[in-house]
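Notes for the one structure printed next.
Readers should treat all values here as calculations from the given coordinates under stated rules, not as data from a laboratory. Predicted model only: the values in this text are computed from it and were never measured. In this analysis, Cβ positions are derived from the backbone assuming ideal geometry, glycine residues included, and neighbour counts consider all displayed protein chains.
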Amino acid sequence: MSITADPVEPVPPSTLESERLSGQARELAKRRSRRERRFSIGVKVSYVVLFFFLAFLFSGVQISIGGIEINTINLDWEFIRTYAGFIFRGVWLTILLSILAITLSVVLAILGALGRLSRSPFAYALSTFYVSLIRGTPLLLQIFFFFLALPQLGIVMSGLTAGVLALGINYGAYNTEIVRAGIQSVGVGQREAALALGMTGNQIMRRIVLPQALKLTIPPLGNQFIAMLKDTSLVATTGFVWEILWRSQKVGRANFRSLEALLIAAVFYWIITIIFSAVQDRIEARISRGERTLA
Amino acid sequence: MKRIATFWLVLVVLVMSMAACGGTGGDDDLLSIIEERGVIRVSTDANYEPQSFLDASGELTGFDVEVAREIGRRLGVEVEHVTPDWDVITAGNWGGQWDMSVGSMTVTTARQEVLDFAEPAYYFTPAQFAATIDSGIDTLEEINGQAVCVGVATTYETWLNGDKEALGLPESSFYAEPPTGITIVPLTTDSECPQSIQAGREEFQVFLTSDTVVQAAIDGGVAVQKVGSPAYSENLAAAFDKSGPDNTALRQRVGEIIQEMHDDGTLRDLSVKWFGEDLTANPSQQ
Amino acid sequence: MTPIIKVTNLDKYFDDLHVLKDLSFEIAPREVVCIIGRSGSGKSTLLRCLNFLEPPDFGTVSIDGVEIRCGGQGRAWRKQVHDLRLKTGMVFQSFNLFAHMTALENVIEGPITVKKMGRQEAIELGMINLEKVGLMDKANQFPSRLSGGQQQRVAIARAMTMQPKVMLFDEPTSALDPELVGEVLAVMQRLVEEGMTMVTVTHEMGFARRFADRIMYMDEGQFVEVASPDEIFSDPKDDRTRQFLSHLHVHQHEHAHS
């Protein structure tokens, strides 16, 4: 005798009824898609208007409307043409800095998060101290510290190294909280199941909790990476790293074209951000789909 | 996952250790290190026209840059320019990040505590006051009580502070006394003074820098004029870090090269090219 | 016959709350024991004390020769707890499958990581168990793609692949939609028929009535009544037992099949 339940057959609605229902469903779907289309068109139109406004703003024309003089911004396009390439070549350094620094910061964040969750008093104290100290001092100060202060102790490093260390350690402290939240949001049931199987704390963290936690932290960490792309500009202050901002500052000042130079730099940062944001969206979509075959 | 983390960690450490490879072994002297390396690293300012600045394609050029390249050529090594801030260069203790400064640096007693200078100087410039045309200032007396802009850690800043001892220049090179009651406004580098004026900033109307920089500003269309005759003259030389590997041999060799460049007219030609006049003759010997 | 599980004078406190009061009992090999009671009676806590998911505060727990005195510390003690857990397999109310691994990966994780079994060997063993629970075709699916009943069956396969001596079930069907309960109970039935020692906390009275050798009714951290299913269901001795049973729909999941 088996205890399995017999499935119950659903009763089909009458034909008339089903026609009315599907008609309503179609009408509702139509209304919704109309609304969405209207909104999306509205957004696209707004972008076009904004673009034309900006084009007008930087066109350099001077017009009078009924006695009011309108002077639009006159950019030195010659300068832009000449120096855009030089400023652009800073992009690789910016991206390199960001990748190295974010990697360091994730490693530190994992260690920091484990420390903050640890039952060892020393690990907890150390990680809390690290987070507090780094979050309590300005990033720029930390960059200067690596570049200017350490040489007094005999520790000399290139501008690139100082930048990577400062950014990596700084973001490591902020990312500690992100990773910690990720670890804590892995359900306690996962741990219990692993314990019941006989896994040790280390194994559980390595095989069960961290993989899931890191997947959860990819969106916020991705945001941090994009923020870091911008913070690399602070390394320009060391004078040694010829990244985007340093290049635009130098040529801008020297040629009295800071407006054009900084606009160029801004556009490059913006484009990089847009590209990496799109990449991040792709990665997030890929993860949430998550279907794998056995290797 | 652990493997990925390890890989990145190793990569990061590798990159950092390569990048930090500015320091050198303790025993060799600087000249042999440079010759073995095949490259000499020279510090320069990327915003100090016409001595050193970026051209339209973003390449470093200018009087100092070309002098350094010629020195490197005669040493038989490649020249690599790096761009730390000026006040970091004058503080010495470069930690091996670069080997020589060819940056229009004046030989002063203060700097000689941390730096060694090649002899002879490679050129001489007068220190020149400039003021905005609008300010109507055209005599040195009118500068008293003004705000005066200078590059930080320059001799101009030191002289305005009245610290002649720190300069240690021969008495014959001083042509005037510093103005009184002034407020000093130090910016990262000299060129930023006329650049700020051009940008319409009003924190100061007067600045003090090398005559070459003033001339370059005027030629560049900044609305400033020279005020009075030069205040003093300075000898500008190649500088080397006192700390770090022994620089004696290198310094002597560079000194010889510079003398050669004086004798065969190279320096004079470069000076005329960039300054429109020959600044390589020592004014106190005229 | 020597008991496979022996619990002596077990006490458990949550802060000041005395949740398990001086419990002692034995379970024989191949015996099926169902623990029933209201929520808060301590039945889940008792089960979780058996594999030290909740460490008991006082008393001893012994399973298949591994005896642990509660309240211990240190490396040797932790090793004992580890050995104890290897003797038991646990199935949870909320399945607790590892979300980032496929069904098969879930099943082989224990043997590979804990027992250092070779991967091929583990896969073979795992597939056998997946086939036993009827989910061989779902081996490469992630838990998010499986129904509750399927997830629980994978969870059972996962516990079984560690080859435990005793299976502990903590309300295995309470979180399932009614139409999925049956498939899980069918798997449990199969385990009974294969002679596995089982301790189950459950509300499925139909299962308990048919397969349990003993039923323990708990209330406020103590055993109120322990008897065979027939005795307890038809003639409960204690008033509390009677009250509890009358609130349950004893016939809810009984289906007569010939």
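Could you compute the net charge surrounding C:GLU194? Neighbours are other residues with a C-beta less than 10 Å from the C-beta of C:GLU194; K and R count +1, D and E count -1.
That works out to +2.
Arranged from highest to lowest average of other beta-carbon atoms within 10 Å per residue, in what order do the peptides B:190-198, B:117-125, A:56-64, C:111-119 appear?
B:190-198, B:117-125, C:111-119, A:56-64
Please give the calculated 222 nm ellipticity per residue for the protein assembly as shown, where each DSSP H segment of at least 4 residues contributes -39500 (n - 2.57) and the sum is spread over every residue; nearest 500 deg cm²/dmol?
-15000 deg cm²/dmol
Quick query: amide H of B:GLN146 versus all other amide H atoms, modeled in the peptide plane; which residues come in under 5 Å with a sequence gap of 5 or more or a different chain?
Those qualifying (amide H under 5 Å, at least 5 residues apart or on another chain) are B:THR183.
Which lysines does C:LYS79 reach when only Cα atoms under 24 Å apart count, and residues fewer than 8 places away in its own chain are ignored?
The reachable lysines, counting only those whose Cα sits under 24 Å from C:LYS79, are C:LYS6, C:LYS12, C:LYS87, C:LYS115, C:LYS116, C:LYS165.
Take each of the peptides A:91-97, A:101-107, average the number of other beta-carbon atoms within 10 Å over its residues, and list them starting from the highest.
A:101-107, A:91-97
Assuming R0 = 35 Å, what is the FRET efficiency of B:GLU277 and B:GLN112, from their Cβ-Cβ distance, to the nearest 0.05?
Result of the calculation: an efficiency of 0.80.
Can you tell me the order of C:231-241, C:196-206 when each peptide is scored by its average per-residue count of other Cβ atoms within 10 angstrom, highest first?
Peptide ranking by packing, descending: C:196-206, C:231-241.
Please compute the alpha carbon radius of gyration of the range C:1-145, then divide it by the globular-protein estimate 2.2 N^0.38 Å. Two decimals is fine.
Computed over Cα atoms of the range C:1-145, the ratio equals 1.20.
Specify the residue with the greatest mean-square fluctuation among B:THR90, B:THR139, B:THR212, computed from a Gaussian network of chain B linking alpha-carbon atoms under 10 Å apart.
Of B:THR90, B:THR139, B:THR212, the most mobile in the Gaussian network model is B:THR139.
Work out the FRET efficiency for C:GLU131 and C:LYS6 from their Cβ-Cβ distance, taking R0 = 41 Å, and round it to the nearest 0.05.
So the FRET efficiency works out to roughly 0.75.
For peptide B:185-191, compute the average count of partner chain beta-carbon atoms within 10 Å of each residue's beta-carbon.
Mean partner shielding for this stretch: 1.
Does the range C:20-86 classify as rounded, prolate or oblate by the C-alpha gyration tensor (a ≥ b ≥ c root eigenvalues; a/c under 1.5 gives rounded; else a/b over b/c gives prolate, otherwise oblate)?
Oblate, because a/c is 1.5 or more while a/b does not exceed b/c.
Please turn the phi angles of the range A:91-98 into ³J(HN,Hα) values with the Karplus equation 6.51 cos²θ - 1.76 cosθ + 1.60 (θ = phi - 60°), one per residue in order, whole Hz, x for glycine and proline.
4, 4, 5, 4, 5, 4, 3, 5
Over the range C:117-161, what is the relative contact order in whole percent, taking alpha-carbon pairs under 8 Å and six or more residues apart?
Computed value for the range C:117-161: 50 percent relative contact order.
Take the Cα pairs of the range A:62-112, get the Kirkwood Rh, then feed it into Stokes-Einstein at 25 °C and 0.890 mPa s and tell me D in µm²/s.
It diffuses with D of about 161 µm²/s by this estimate.
Return the average number of partner chain Cβ atoms within 10 angstrom of each residue Cβ along peptide A:248-258.
5
Express the C-alpha Rg of the protein assembly as shown as a ratio against the empirical globular expectation 2.2 N^0.38 Å, rounded to two decimals.
It is 1.42.
Suppose a student asked you for the relative contact order of chain B, using Cα pairs under 8 Å spaced at least 6 residues apart; what percent would you report?
So the answer I get is 27 percent.
Treat chain B as a sphere of radius equal to its Kirkwood radius over Cα pairs and apply Stokes-Einstein at 20 °C in a medium of 1.002 mPa s; give the translational diffusion coefficient in µm²/s, rounded to a whole number.
107 µm²/s
What's the center-to-center distance, using Cα atoms, between the range A:170-209 and the range B:231-286 in Å?
65 Å
Mind checking the mean number of beta-carbon atoms from other chains within 10 Å of the Cβ atoms in C:105-112?
3
Which residue, B:SER229, B:SER172, B:SER271, tops the fluctuation ranking in a GNM of chain B built on C-alpha contacts under 10 Å?
B:SER172
Using 10 Å bins from zero, what percent of all Cα-Cα pairs in the range A:77-294 falls into each bin?
Result, from short to long distances: 8, 27, 30, 21, 11, 4, 1, 0 percent.
Restricting to Cα pairs below 8 Å that are 6+ residues apart, what does the relative contact order work out to for the range A:77-294? Please round to a whole percent.
29 percent
Give me the net charge of C:SER147's neighbourhood, meaning all other residues with Cβ under 11 Å from the Cβ of C:SER147; Lys, Arg count +1, Asp, Glu -1.
Net of charged neighbours comes to 0.
The range A:86-137 to the range B:33-94: how many Å between their Cα centroids?
Spelled out, the Cα-based centre of one part sits 35 Å from the other.
Quick one: net charge around A:ARG26, please, counting Lys, Arg +1 and Asp, Glu -1 for every other residue with C-beta under 14 Å from its C-beta.
Net local charge, A:ARG26 excluded: +3.
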